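The values are calculated or read from the model by the stated rules, or taken from the named source; none is laboratory data. Because the structure is a prediction, the values reported are computed rather than measured. Positions of Cβ are backbone-derived with ideal geometry, glycine not excepted, and every protein chain shown enters the neighbour counts. When the accessible area is computed, the model is the full protein with side chains, heavy atoms only, and any ligands, DNA or RNA have been set aside. Shrake-Rupley method; radii C 1.70, N 1.55, O 1.52, S 1.80 Å.
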Amino acid sequence: MVSKRSHRSKEELIEQLKNKKETFWPNTSFEPYNTLEKNLPIPTKDLHKAEALLKRFTPYLAKAFPETKKMNGIIESPIRGIPSMKQELEKRYQQSIHGHLYVKCDHELPVAGSIKARGGIYEVLKYAEGLAIKHGKLTKDDDYSKLANPEFKQFFSNFSISVGSTGNLALSIGIMSAVLGFQVTVHMSVDAKEWKKGLLRDKGVVVVEHDKDFSFAVNEGRRQCQKQKNCYFIDDENSKDLFLGYAVAALRLHEQLKQKNITVDADHPLVVYLPCGVGGGPAGITYGLKYVFGDHVHCYFAEPTSSPCVMLGLATGKHEDISVQDIGLDNKTEADGLAVGRPSALAGRLVENMVNGIYTINDENLYKLLAFLHESEGISLEPSALAGMYGPASIDIQQQLDRMYGSRLSHATHLVWATGGSLVPKDIMEGFISKGTSFLRQEE
């Protein structure tokens, strides 16, 4: 059984993190949304602008990626009830989950098969649109399917895009950029999986491997891009456009919940559990969700015990000026998408008063949850995507919510954000499941 441990002081928290204890941190800087919305650093109108850009590109996406045709070129994932997994969690952790449990299936997102399809693809498309308009090849009133024509591929081949990544962001940016015609280079950290590197190379992407972590890969990618003519660097640590691409998910989720007749209001809270690496993805989604649902939504981030960079940055108030290595952690985890030692300079500050709390989870429990989900619901995710799955069973989170809602918590909707998995090769996924099953057997 996982035992999350709330802390009594900053010193105790850091000591628990140093020792890789699974830890819950309640955000004492949390504020009601109506006190924040008048002074948001990124205007909420920008979310609608981002959504409008994605809509302009739907004719192109439907043409360039046939798998998006059934959604008319919209890159979106479904939400799915997981009642059998709810029962497994309640049984395993001896904790009732009040309300209904769903999973947001971002592992099924077309094109890149992960949450990174949102921010990464949005930023590439925005850059492409800007270039095409600037050079007189496109107007916003055009049918964007013309971007699939050879002349545009030739045009975009004069420009390059670069990014540093642990894996999934590289997939989204690499695949989208290459299809448009850009010259694209991804700088992969030591944590990146070989199959992700291979997939990118198959798509014509230049993969530069580094034997150091995410922050080094980002810095090296930025440095090399700055030396090249016509090179655009997508900065996972600081990008407003990545952030907005993630935030658009909230507008889409609002419609999906309505279609399923799921109410979100003062008597029907929405509780969202988000795996967290550098922080951009979960922070962008949180920013959007607070705009859409205000104080009726509650967001929790989940990080590996070896890489709790966002918890560390927020709890100390140091943000990007502190890393997990500074407190003696090695930043090594099987959750490659979350293997980040230093938090985003942008994301943490944007949501430091919005996120309800953060918890850590170790690799062994990620694998166990992976096996449980596969067995109970037939859903296969990569390890990092299971980080949010513990949240609904967390006694610390349940106590926090119970203080706010009491008996109304039985009307809650719990949504675990699944971040990646559909592109994982079959043999590797089978290995993940086997490893999780093996850990479970050792408990018996």
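Could you tell me whether any residue of segment 248-269 is outside any loop (DSSP other than H, G, I, E, B), of a type in the set (D, E, K, R) and free of Cβ contacts under 8 Å to residues at least 24 places away in the same chain?
So in segment 248-269, the residues outside any loop (DSSP other than H, G, I, E, B) come out as 248-259, 265, 268.
In the following step, the residues that additionally are of a type in the set (D, E, K, R) were identified as 252, 255, 258, 265.
So of that shortlist, the ones also free of Cβ contacts under 8 Å to residues at least 24 places away in the same chain come out as 255, 258.
Checked against the condition, which is being outside any loop (DSSP other than H, G, I, E, B), of a type in the set (D, E, K, R) and free of Cβ contacts under 8 Å to residues at least 24 places away in the same chain, segment 248-269 yields at least one hit.
Across segment 331-387, what is the total count of residues that are surrounded by fewer than 19 Cβ atoms within 10 Å (Cβ to Cβ), acidic (D, E) and more than 24 Å from R441 (Cα to Cα)?
Final tally of qualifying residues: 1.
For segment 119-162, which residues satisfy the criterion of being farther than 30 Å from G284 by Cα and open to solvent by 60 Å² or more (accessible area, probe 1.4 Å)?
H135, G136, K137, K146, P150, E151, K153, Q154, N158
Scan segment 317-326 for residues that are open to solvent by less than 20 Å² (accessible area, probe 1.4 Å) and either of a type in the set (G, A, S) or under 25 Å from D396 (Cα atoms) (or both) and report the count.
As a first pass, look at segment 317-326 and keep what is open to solvent by less than 20 Å² (accessible area, probe 1.4 Å): 319, 322-324.
Add one more test, that the residue is either of a type in the set (G, A, S) or under 25 Å from D396 (Cα atoms) (or both), and what stays is 319, 323-324.
The qualifying residues number 3.
Quick check on my filter: what residues within segment 181-206 are buried (at least 24 other Cβ atoms within 10 Å of the Cβ) and among the small types (G, A, S)?
S189, A192
State the number of residues belonging to segment 37-62 that are among the polar types (S, T, N, Q) and either at positive phi or out of contact with any Asp or Glu (no Cβ under 8 Å at 6 or more places or on another chain) (or both). Working first, answer last.
Step one: of segment 37-62, the residues among the polar types (S, T, N, Q) are 39, 44, 58.
Cutting the leftovers down to either at positive phi or out of contact with any Asp or Glu (no Cβ under 8 Å at 6 or more places or on another chain) (or both) gives us 39, 58.
Within segment 37-62, residues that are among the polar types (S, T, N, Q) and either at positive phi or out of contact with any Asp or Glu (no Cβ under 8 Å at 6 or more places or on another chain) (or both) number 2.
Report yes if some residue within segment 258-269 is at pLDDT 95 or above, within 22 Å of A50 (Cα to Cα) and over 16 Å from the mean Cα position of the chain (by Cα); otherwise report no. It would help to see each step written out before you state the result.
Here is the first cut: in segment 258-269, the ones at pLDDT 95 or above are 258-269.
Adding the requirement that they be within 22 Å of A50 (Cα to Cα) leaves 258.
Checking the rest, the ones that are also over 16 Å from the mean Cα position of the chain (by Cα) come to 258.
Yes, segment 258-269 contains a residue that is at pLDDT 95 or above, within 22 Å of A50 (Cα to Cα) and over 16 Å from the mean Cα position of the chain (by Cα).
Which ranges mark the helices (runs of 4 or more DSSP H) fully within segment 1-115 that have 2 or more residues being among the hydroxyl-bearing types (S, T, Y)? I'd like the intermediate steps shown before the answer.
On the way: elements: 10-18, 45-56, 58-64, 83-93.
The helices (runs of 4 or more DSSP H) meeting that bar are 58-64, 83-93.
Would you point out which residue out of T58, T28 is over 19 Å from I285 (Cα atoms), more than 21 Å from the chain's Cα centre (by Cα) and open to solvent by 60 Å² or more (accessible area, probe 1.4 Å)?
On the way: T58 fails: open to solvent by 60 Å² or more (accessible area, probe 1.4 Å).
Being over 19 Å from I285 (Cα atoms), more than 21 Å from the chain's Cα centre (by Cα) and open to solvent by 60 Å² or more (accessible area, probe 1.4 Å) holds for just one of T58, T28, which is T28.
Results for (1) surrounded by fewer than 17 Cβ atoms within 10 Å (Cβ to Cβ); (2) modelled with pLDDT under 95; (3) within 30 Å of L242 (Cβ to Cβ); (4) in contact with a Phe, Trp or Tyr (Cβ under 8 Å, 6 or more places away or on another chain), shown as yes or no for each residue.
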position: E11; (1), (2), (3), (4): yes, yes, no, no
position: K18; (1), (2), (3), (4): yes, no, no, no
position: K63; (1), (2), (3), (4): no, no, yes, no
position: S77; (1), (2), (3), (4): no, no, yes, no
position: R80; (1), (2), (3), (4): yes, no, yes, yes
position: P83; (1), (2), (3), (4): yes, no, no, no
position: H98; (1), (2), (3), (4): no, no, no, no
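Quick one: in segment 411-444, which of the residues that are open to solvent by less than 60 Å² (accessible area, probe 1.4 Å) and among the polar types (S, T, N, Q) is farthest from L274 (Cα to Cα)?
Filtering segment 411-444 for residues open to solvent by less than 60 Å² (accessible area, probe 1.4 Å) gives 412-421, 424-425, 428-429, 431-433, 436-440.
Narrowing the set further to residues that are among the polar types (S, T, N, Q) leaves 413, 419, 437-438.
Values: T413: 14, T419: 8, T437: 24, S438: 26 Å.
Top of the filtered list is S438.
Can you tell me which residues in segment 270-299 are assigned to a strand (DSSP E or B) and either β-branched (V, I, T) or free of Cβ contacts under 8 Å to residues at least 24 places away in the same chain (or both)?
In the first step, residues of segment 270-299 are kept if they are assigned to a strand (DSSP E or B); the result is 270-275, 297-299.
V271, V272, V297 - these are the residues of segment 270-299 that are assigned to a strand (DSSP E or B) and either β-branched (V, I, T) or free of Cβ contacts under 8 Å to residues at least 24 places away in the same chain (or both).
Could you count how many residues in segment 393-410 are among the polar types (S, T, N, Q), exposed (fewer than 15 other Cβ atoms within 10 Å of the Cβ) and within 14 Å of G99 (Cβ to Cβ)?
Step one: list which residues in segment 393-410 are among the polar types (S, T, N, Q), which gives 394, 398-400, 407, 410.
From the residues that got through so far, the ones that are exposed (fewer than 15 other Cβ atoms within 10 Å of the Cβ) too are 399, 407, 410.
Narrowing the set further to residues that are within 14 Å of G99 (Cβ to Cβ) leaves 407, 410.
Within segment 393-410, residues that are among the polar types (S, T, N, Q), exposed (fewer than 15 other Cβ atoms within 10 Å of the Cβ) and within 14 Å of G99 (Cβ to Cβ) number 2.
Can you find, within segment 240-277, the residue that is nearest to I173 (Cα to Cα) among those that are open to solvent by 10 Å² or more (accessible area, probe 1.4 Å) and among the aliphatic types (A, V, I, L, M)?
L251
Of the residues that sit in segment 186-243 and are β-branched (V, I, T) and under 30 Å from L40 (Cβ atoms), which one is modelled with the highest pLDDT? Lay out the reasoning, then the answer.
Filtering segment 186-243 down to residues β-branched (V, I, T) leaves 186, 190, 205-208, 218, 234.
Checking which are under 30 Å from L40 (Cβ atoms) leaves us with 218, 234.
Details: V218: 87, I234: 93.
Taking the candidates together, the pick is I234.
Whether any residue in segment 300-308 is more than 21 Å from V340 (Cα to Cα) and either outside any helix (DSSP H, G or I) or under 11 Å from the mean Cα position of the chain (by Cα) (or both) is what I want to check. Give the derivation first.
As a first pass, look at segment 300-308 and keep what is more than 21 Å from V340 (Cα to Cα): none.
Scanning segment 300-308, I find no residue that is more than 21 Å from V340 (Cα to Cα) and either outside any helix (DSSP H, G or I) or under 11 Å from the mean Cα position of the chain (by Cα) (or both), so the answer is no.
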